[in-house]
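K.L.:
I have a structure I would like to understand better, so I am pasting it below and will then ask my questions one at a time.
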Amino acid sequence: FLSWESFLYLIFIYSTIFLGFGLVYFIFTQNGFTPFLENGKKVEGKISSLQTSFYFSGITLFSVGYGDIVPIGIGRIIAIIEALIGYTVPASFVVRTVVDFRKERG
């Protein structure tokens, strides 16, 4: 029991989280903090740090990660929060779908 509305809602939530955390990582890199290392090195340059921030955010949100980019310092805490959100969103989506389905049947 899924609707297009629910599916689009889930995509919107994931996109917002993905972009929001990507921007948080990018802001940290632009303010002199190093939230992650890519292949053991700091990410240099505005465009490459923006790309790496979004890539790291997506990999952290949707999986455990590949290991090519490693969080350090404050980045570890942010990555844990993002991963926790990434794991709870689908669970809450399933619970919400089941509850709505039971309301319609009962």
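The values are calculated or read from the model by the stated rules, or taken from the named source; none is laboratory data. What you are looking at is a predicted structure, and each value in this text was computed from that prediction instead of being measured. Note that each Cβ is placed from the backbone with ideal geometry, even for glycine, and that neighbours are counted across all protein chains shown. Heavy atoms of the whole protein, side chains included, go into the accessibility calculation; ligands, DNA and RNA do not. Shrake-Rupley method; radii C 1.70, N 1.55, O 1.52, S 1.80 Å.
K.L.:
Provide the gained length on full extension for the span residue 64 to residue 51, in nm with one decimal, where the gain is 0.36 nm per separating residue minus the Cα-Cα distance.
P.N.:
Numbers: separation 13, 0.36 × 13 = 4.68 nm, distance 1.86 nm.
The residue 64-residue 51 span can extend by a further 2.8 nm.
K.L.:
On to the next question. Can you give the angle from 0 to 90° between the axis of helix 74-105 and the longest principal axis of the chain, with both taken from C-alpha atoms, to the nearest 10?
P.N.:
In the chain, helix 74-105 runs at an angle near 10 degrees to the longest axis.
K.L.:
Also, I was wondering about something else. What's the extension gain from residue 42 to residue 11 if we count 0.36 nm per residue and subtract their Cα-Cα distance? Could the numbers behind the result be given before it?
P.N.:
Values: separation 31, 0.36 × 31 = 11.16 nm, distance 3.12 nm.
Between residue 42 and residue 11, full extension yields an extra 8.0 nm.
K.L.:
Taking amide hydrogens as modeled 1.01 Å from N in the peptide plane, which residues meet the under 5 Å criterion relative to residue 43, leaving out close sequence neighbours?
P.N.:
38
K.L.:
Of 99, 56, 34, which is farthest towards the positive pole of the chain's charge dipole, taken about the Cα centre with +1 and -1 on the beta-carbons of Lys, Arg and Asp, Glu respectively?
P.N.:
So the residue furthest toward the plus end is 99.
K.L.:
Using each residue's phi in region 56-64, evaluate 6.51 cos²θ - 1.76 cosθ + 1.60 at θ = phi - 60° and report the 3J(HN,Hα) Karplus result to the nearest Hz, with x for Gly and Pro.
P.N.:
Along region 56-64, the couplings run 4, 4, x, 5, 5, 6, 9, 7, 7 Hz.
K.L.:
Continuing with this model, one more query. With every protein chain left in place and a probe of 1.4 Å, what is the accessible surface of residue 104, to the nearest 10 Å²?
P.N.:
Only protein atoms counted, so the area is about 130 Å².
K.L.:
Can you give the direction-averaged projected area of the convex hull of the alpha-carbon atoms in region 1-84, in nm²? Could you put the intermediate results ahead of the total?
P.N.:
Values: hull surface 23.6 nm².
That works out to 5.9 nm².
K.L.:
What's the longest bit of the chain with no exposed chymotrypsin sites (Phe, Trp or Tyr not before Pro), using DSSP loop states and at most 10 other Cβ atoms within 10 Å as the test?
P.N.:
Between the exposed loop sites, the longest stretch runs 2-65.
K.L.:
Given the protein chains as shown and a 1.4 Å probe, how many square angstrom of residue 23 are accessible, to the nearest 10?
P.N.:
We get 80 Å² for residue 23.
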